[in-house]
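K.L.:
The structure under discussion is supplied below as structure tokens; questions concerning it will follow.
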Amino acid sequence: MPTAAHAQLRISRLASTLAVHRAFHWLHLHQPQLRKWLMEIVAIPAPPFGEGERASWFLERFRDLGLTNVHLDEAGNALGELEPATVNPSGPLLLVSAHLDTVFPGGTLTEPSVDGNRVLAPGVCDNGAGLTALLGLIAALRYAGIDPPSGILFAANVGEEGEGDLRGMRHLFLDGAYRNRIRAAVALEGAGTAAVVTRALGSRRFRLTASGPGGHSWNDAGVSNPILDLARALTGLSKVVLPDVPRTTLNVGHISGGTSINSIPELATALVDLRSIDPAQLIATETAMRLQLGEEQARGAPSSILIEIIGDRPAAALPDGAPMLRTLHAVDRHLALRTEHRIGSTDANIPLSLGIPAIAIGTGGTGGGIHTLAEWYDPSGRETALRRILLTLLDTLTTIGVDD
Ligand SMILES: [Zn+2]
């Protein structure tokens, strides 16, 4: 039988089991519980590098829901396991995660408000929706008494947004105690029923710093001026060629520096974000950028410009023949959904870059105003997406254990 048809048959069988029916039933009956969790989650601030309080809240929920080995890892990720009846302490694991952090700085008012079906709060969709789905899936699996064919590691992880630079995921896959056991990963991310990120957008982020001796605008006139030198260097970046295919972008997103109008500055900095869907192109564009900055310097800019890397998200993609992709397509056909493939910069970047199958998947409902104070989320219709994720997880669990 062709592999696609085989996957389709597996999904129809899976969806007709009593255990899966019980899990779906839990999700159907407990939408008010999910809404209550959402309100509680978003009310706890989780600024970048300040996810601790929200992580503690998740440890309590993980314990309430009966996960085992519930703990906080060295990076600050809240973790819990759902192991098969016969536990294999070195067996393969599927990671199911949702990121805790928001883009909003400490002090931002996070108390949610309600407008009809909509819940309004900074971070309510990204990633309040995903975090709520994480708890809903655990509760449904536990209620249904599903004995997973391989273990599931649940994580409410830190550091997905901006300068967090995927540090929660990096720790799990590169340094953490589970690093050699995770064979596949599903990141729960925001709204959307048919959306799935299967290609990881790569980015490299830089801080450019020009420095000089500084001085008084009149008495010391003539010494090098870092603001002017940086401005000249940034203007030069317009000469870096950015291809449409593979799509590659370069943005100077922030500049700062100087002390006062009558001082020659000592420092000026700029933040640069470089993105491409192609890893080789990302390197080529970075090289072009460095050459350009070097040329500007050679052209006589007296301030030295220091280039520091402040972010590095690898580009990668789930290969066309990956079992996880077949599973997802079969699930979508089963649920009559048209799969919407997206390219994104998500927690899935890390496993994908290591050759570990991973997706970031929408957790249902609709949302808007992402990364603004007016962010909203409407969970209406969320159940279909949760069923989709549940079927995808359960089928993926049967495929990751196979090679062991
Ligand atoms: Zn997010």
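K.L.:
How big is the dipole moment of the stretch 202-313 about its Cα centre under a simple scheme where the beta carbon of each Lys and Arg is +1, that of each Asp and Glu is -1, and everything else is neutral? Debye, nearest 20, please.
P.N.:
Using only the charged Cβ atoms, the result is roughly 220 debye.
K.L.:
Do you know the relative contact order of the chain, to the nearest whole percent, from alpha carbon pairs under 8 angstrom that are 6+ apart?
P.N.:
For the chain, the relative contact order is 23 percent.
K.L.:
So what J values fall out for the stretch 96-106 if you push phi through Karplus, 6.51 cos²θ - 1.76 cosθ + 1.60 with θ = phi - 60°, rounded to Hz, Gly and Pro as x?
P.N.:
Each residue of the stretch 96-106 in turn: 10, 9, 9, 7, 7, 6, 10, 8, 7, x, x Hz.
K.L.:
Can you tell which of HIS216, ILE152, VAL272 lies farthest toward the positive end of the dipole of the chain, using +1 and -1 charges on the Cβ of basic and acidic side chains (Lys, Arg; Asp, Glu)?
P.N.:
Going by the Cα projections, it comes out as ILE152.
K.L.:
Let me ask something else. Report the residue, chosen from THR235, THR248, THR346, that carries the largest GNM mean-square fluctuation when the chain is represented by alpha-carbon nodes joined by springs under 10 Å.
P.N.:
THR235
K.L.:
How far, in degrees from 0 to 90, does helix 3-15 lean away from the longest principal axis of the Cα atoms of the chain, to the nearest 10?
P.N.:
It is inclined by approximately 60 degrees.
K.L.:
Report, in debye and to the nearest 20, how large the dipole of the chain comes out about its Cα centre when Lys and Arg carry +1 and Asp and Glu carry -1 on their Cβ.
P.N.:
I would put it at about 1100 debye.
K.L.:
Using a 1.4 Å probe, what is the accessible area per residue for the chain, in Å²?
P.N.:
On a per-residue basis, the chain sits at 43 Å².
K.L.:
Can you tell me the alpha carbon radius of gyration of the chain divided by the globular rule-of-thumb value 2.2 N^0.38 Å?
P.N.:
The chain yields a ratio of 1.11.
K.L.:
A further question on this structure: Amide H to amide H under 5 Å from ASN88: which residues, 5+ apart in sequence or cross-chain, H placed 1.01 Å off N in plane?
P.N.:
none
K.L.:
If you line up the long axis of helix 382-400 against the longest principal axis of the chain, both from Cα atoms, how many degrees apart are they, to the nearest 10?
P.N.:
The answer is roughly 80 degrees.
K.L.:
Would you mind telling me the share, in percent, of accessible area of the stretch 7-149 contributed by carbon and sulfur at probe 1.4 angstrom?
P.N.:
On the stretch 7-149, the fraction of accessible area on carbon and sulfur atoms equals 56 percent.
K.L.:
Also: Which trypsin sites (Lys or Arg not before Pro) in the stretch 267-341 pass both tests, a DSSP loop state and at most 15 other beta-carbon atoms within 10 Å?
P.N.:
Those that pass, being in a loop and sparsely packed, are ARG299, ARG338.
K.L.:
Identify, among HIS254, TRP37, LEU291, the residue whose Cα sits farthest towards the positive end of the charge dipole of the chain, taking +1 on the Cβ of Lys and Arg and -1 on the Cβ of Asp and Glu, with the dipole about the Cα centre.
P.N.:
Going by the charge dipole, the pick is TRP37.
K.L.:
Shifting gears a bit: Of the options LEU109, THR132, ILE359, report the single residue whose Cα projects farthest towards the positive end of the charge dipole of the chain (beta-carbon charges: Lys, Arg +1; Asp, Glu -1).
P.N.:
ILE359
K.L.:
Take the alpha carbon atoms of the stretch 1-159, find their radius of gyration, then divide it by 2.2 N^0.38 Å using N residues; give the quotient.
P.N.:
1.14
K.L.:
To continue, here is another question. Sequence gap at least 6, Cα distance under 8 Å: using those rules, report the relative contact order of the stretch 205-314 to the nearest whole percent.
P.N.:
42 percent
K.L.:
Report, in debye and to the nearest 20, how large the dipole of the stretch 297-404 comes out about its Cα centre when Lys and Arg carry +1 and Asp and Glu carry -1 on their Cβ.
P.N.:
Around 280 debye, computed over the stretch 297-404.
K.L.:
Once you have all Cα-Cα distances for the stretch 202-313, histogram them in 5 Å bins from zero and send the whole-percent values.
P.N.:
2, 13, 22, 21, 16, 11, 7, 4, 3, 1, 0
K.L.:
Out of every Cα-Cα pair in the stretch 107-193, what percent are more than 16 Å apart?
P.N.:
66 percent
K.L.:
In nm, give the distance between the simple-model label positions of GLU295 and ASP312, each being 7 Å from the Cα along the Cα-to-Cβ direction.
P.N.:
Modelled inter-label distance: 2.6 nm.
K.L.:
Output the 0 to 90 degree angle, nearest 10, between the alpha-carbon long axis of helix 226-236 and the longest principal axis computed from the alpha carbons of the chain.
P.N.:
It works out to around 60 degrees.
K.L.:
Taking N as the number of residues in the stretch 349-394, what is its Cα Rg relative to 2.2 N^0.38 Å?
P.N.:
This ratio for the stretch 349-394 stands at 1.48.
K.L.:
Over the stretch 202-313, what percent of the accessible surface lies on carbon and sulfur atoms, probe 1.4 Å?
P.N.:
So the carbon and sulfur contribution to the accessible surface is 57 percent.
K.L.:
Please check: in the Gaussian network model of the chain (C-alpha springs, under 10 Å), which one of GLY123, GLY106, GLY362 has the largest mean-square fluctuation.
P.N.:
Of GLY123, GLY106, GLY362, the Gaussian network model singles out GLY106 as fluctuating most.
The values are calculated or read from the model by the stated rules, or taken from the named source; none is laboratory data. Note that this is a predicted model, so its numbers are computed, not measured. Positions of Cβ are generated from backbone atoms using ideal geometry, with glycine treated the same way; all protein chains shown enter the neighbour counts. To get the accessible areas, we keep the full protein, side chains included, count just its heavy atoms, and leave off ligands, DNA and RNA. Shrake-Rupley method; radii C 1.70, N 1.55, O 1.52, S 1.80 Å.
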